[in-house]
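Q: I have a structure here, written as structure tokens, and I will follow up with some questions on it.
The values are calculated or read from the model by the stated rules, or taken from the named source; none is laboratory data. Please read these numbers as outputs of a predicted model, since none were measured by experiment. Reconstructed Cβ throughout: ideal geometry from the backbone, glycine too, with neighbour counts over all protein chains shown. Just the protein is used for accessible areas: all its heavy atoms, side chains included, with ligands, DNA and RNA removed. Shrake-Rupley method; radii C 1.70, N 1.55, O 1.52, S 1.80 Å.
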Amino acid sequence: MSLYRTFTAADAVAYARQYGQVADPQSLVSAEEIGDGNLNLVFKIRDPQGVSRAIVKQALPYVRCVGESWPLTLDRARIEAQTLLVHGALCPRHTVQVLHHDPELAVMVQEDLSDHHIWRSELVKGRYYPLAAGQLAEYLAQTLFHTSDFYQNAQEKKAEVSRFANPELCQITEDLFFTDPYIDHERNQFDEALLPQVQELRNDAALRLAVAGLKHRFLSKAEALLHGDIHSGSVFVAEGRLKAIDAEFGFYGPIGFDLGTALGNLLLNYCGLPGLLGPRDAAAGREQRLQDVRELWLIFADRFLTLCHQHTRDAALAVPGYAEQFLDQVWQDAVGYAGTELIRRTIGLAHVADLDSISEPEMRAECQRNALSLGRTLIVNAAQIEHIDALLARIRQNG
């Protein structure tokens, strides 16, 4: 019989007292539910002075933003905890620390990051963290290299692919990224003003063909243990610090998907800034986003190749030139997946504040149109966008 029950605030406090690793457990006295995502309950556990000391996160047996009509496996809590533990061992500086997890209750206790901020919220406000792009690149390089065939023993990796099979959440990604935005589906959400462009996307044979290839690679390329949802809302930042959180979509997939998701969210902010800030600040912010995009890719590529050259364990994959050839394919995948992130966040189920918080309707629609146009450009032309400077040139041409 399952031990699962949905936590109340009192349950969360009691659990944190037992597993929060604080010096005085009885100092934990209250809980505030802060979950604003689509899938989970999240409690901040506070002391008598109101200071948050730990985070208790519990998976719900359904998609929270939809309700019980969309049931969902609780095993995703195990996958999230174990993904974060693996990533934390490989890159502790940039991964949230898991203090405890219980697969029966689908709950975990994490370090408190109240001195950090959600990166998306900071980007929307026009706040710049100069080290963030490079730190995210380091996180991606370390976690993706060390769980890839370049480093992992082949037999161990095959076992890990099985351990991190995540079919239900992968199905959500497959639907929301590659299917729903390109058909008339009830989960799609967009303003009526976008309908002509949405219909063009649905009837665009070249686009649909390119998306099919991206989906097929997502389905079949078990290249490394991905975070699976590494957008700017899954990253906490502070001055000189960055931590990745929320890895319930973790699975073994194409390395370019994590890179593309990260790049795509920087570009969503790029598209939204004209509606979020004044003209001068928006122009400066857009140039900074392009530099963030450039830095994210170049630091990732440099670090990943360095790790390949120094630590590849498979003799065949260590042949000079192969790591560079492999990275070329990762780049092409990343450009395409960035495009799917732009489109699905604009007209699909899960939107982002970079666009939706624009208050003026006409400006919001214009920024959304730019995001859709850029998304299509990246998807259809990924093979011709051969390097980072070519990508930046395409983005500038898009407007």
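Q: Only one of these conditions is not met by L225: (1) assigned to a helix (DSSP H, G or I); (2) within 14 Å of the chain's Cα centre (by Cα); (3) modelled with pLDDT of 95 or more; (4) among the aliphatic types (A, V, I, L, M). Which number is it?
A: Answer for L225: the failing condition is (1).
Q: Name every residue in region 273-312 that is within 22 Å of the chain's Cα centre (by Cα) and within 21 Å of Q329 (Cβ to Cβ), in order of residue number.
A: V293, R294, L296, W297, L298, I299, F300, A301, D302, R303, F304
Q: Shifting gears a bit: Could you identify the single residue in V86, V107 that is under 20 Å from the mean Cα position of the chain (by Cα) and either under 29 Å from L267 (Cα atoms) or in contact (Cβ under 8 Å) with a residue 24 or more places away in the chain (or both)? Walk me through it before giving the result.
A: Numbers: V107 fails: under 20 Å from the mean Cα position of the chain (by Cα).
When all the criteria are applied, what remains is V86.
Q: Being open to solvent by less than 50 Å² (accessible area, probe 1.4 Å) and either modelled with pLDDT of 95 or more or in contact with a Cys (Cβ under 8 Å, 6 or more places away or on another chain) (or both): is that true of R127 here? Give the steps one after another, and end with the answer.
A: On the way: open to solvent by less than 50 Å² (accessible area, probe 1.4 Å): no; either modelled with pLDDT of 95 or more or in contact with a Cys (Cβ under 8 Å, 6 or more places away or on another chain) (or both): yes.
No.
Q: What is the number of the single condition among (1) closer than 30 Å to A283 by Cα; (2) among the β-branched types (V, I, T); (3) part of a helix (DSSP H, G or I) that I172 does not meet?
A: Of the numbered conditions (1) closer than 30 Å to A283 by Cα; (2) among the β-branched types (V, I, T); (3) part of a helix (DSSP H, G or I), the odd one out for I172 is (1).
Q: Now a separate question. For region 211-227, which positions are open to solvent by less than 10 Å² (accessible area, probe 1.4 Å) and either closer than 25 Å to T377 by Cβ or of a type in the set (V, I, T) (or both)?
A: Within region 211-227, the first condition is being open to solvent by less than 10 Å² (accessible area, probe 1.4 Å), and the residues that meet it are 211, 214, 218, 224-227.
Matches in region 211-227: V211, L214, F218, L226.
Q: Of all residues in region 145-195 being within 19 Å of E248 (Cα to Cα) and of a type in the set (D, E, K, R), which is surrounded by the most Cβ atoms within 10 Å (Cβ to Cβ)?
A: For region 145-195, the residue satisfying everything is E160.
Q: Okay, moving on. Any idea which of R78, R53, R93 is surrounded by 16 or more Cβ atoms within 10 Å (Cβ to Cβ), modelled with pLDDT of 95 or more and under 17 Å from H116 (Cβ atoms)?
A: R53
Q: Every residue in region 176-210 that is assigned to a loop (DSSP other than H, G, I, E, B) and either of a type in the set (F, W, Y) or within 19 Å of N381 (Cα to Cα) (or both), please.
A: F190, N203, D204
Q: Could I ask something else about it? With respect to S114, is the statement that it is closer than 27 Å to F304 by Cβ, in contact (Cβ under 8 Å) with a residue 40 or more places away in the chain, outside any helix (DSSP H, G or I) and open to solvent by less than 60 Å² (accessible area, probe 1.4 Å) true?
A: On the way: closer than 27 Å to F304 by Cβ: no; in contact (Cβ under 8 Å) with a residue 40 or more places away in the chain: yes; outside any helix (DSSP H, G or I): yes; open to solvent by less than 60 Å² (accessible area, probe 1.4 Å): yes.
In short, no.
Q: Test A165 against the criterion of being over 17 Å from the mean Cα position of the chain (by Cα) and either over 18 Å from A81 (Cα atoms) or among the small types (G, A, S) (or both), and give yes or no. So that I can check it myself, show each step before the final result.
A: On the way: over 17 Å from the mean Cα position of the chain (by Cα): yes; either over 18 Å from A81 (Cα atoms) or among the small types (G, A, S) (or both): yes.
Criteria met by A165.
Q: Restricting the search to region 1-55, which residues are without any contact (Cβ under 8 Å) to a residue 24 or more places away in the chain and within 25 Å of D229 (Cβ to Cβ)?
A: E32, I34, D36, V42
Q: For region 96-111, which residues satisfy the criterion of being surrounded by fewer than 18 Cβ atoms within 10 Å (Cβ to Cβ) and among the polar types (S, T, N, Q)?
A: Within region 96-111, Q97 is the sole residue that qualifies.
Q: Having 2 or more residues that are open to solvent by less than 10 Å² (accessible area, probe 1.4 Å) is the bar; report the strands (runs of 3 or more DSSP E) wholly within region 235-306 that clear it. Lay out the reasoning, then the answer.
A: Working: elements: 235-238, 241-244, 251-253.
It comes to 235-238, 241-244.
Q: Pull out all pairs, ordered by first then second residue, where Cβ-Cβ is under 9 Å, the residues are six or more apart or on different chains, the first lies in region 206-235 and is more than 29 Å from E156 (Cβ to Cβ) and touching a residue at least 12 places away in the same chain (Cβ under 8 Å), and the second is of a type in the set (A, V, I, L, M, F, W, C) and in a strand (DSSP E or B).
A: That search, which allows pairs on different chains as well, returns S232/I118; G233/I118.
Q: Sticking with this structure for a sec: Condition first: more than 18 Å from the chain's Cα centre (by Cα), among the aromatic types (F, W, Y) and farther than 19 Å from L378 by Cα. Can you find one or more residues in region 229-239 that meet it?
A: no
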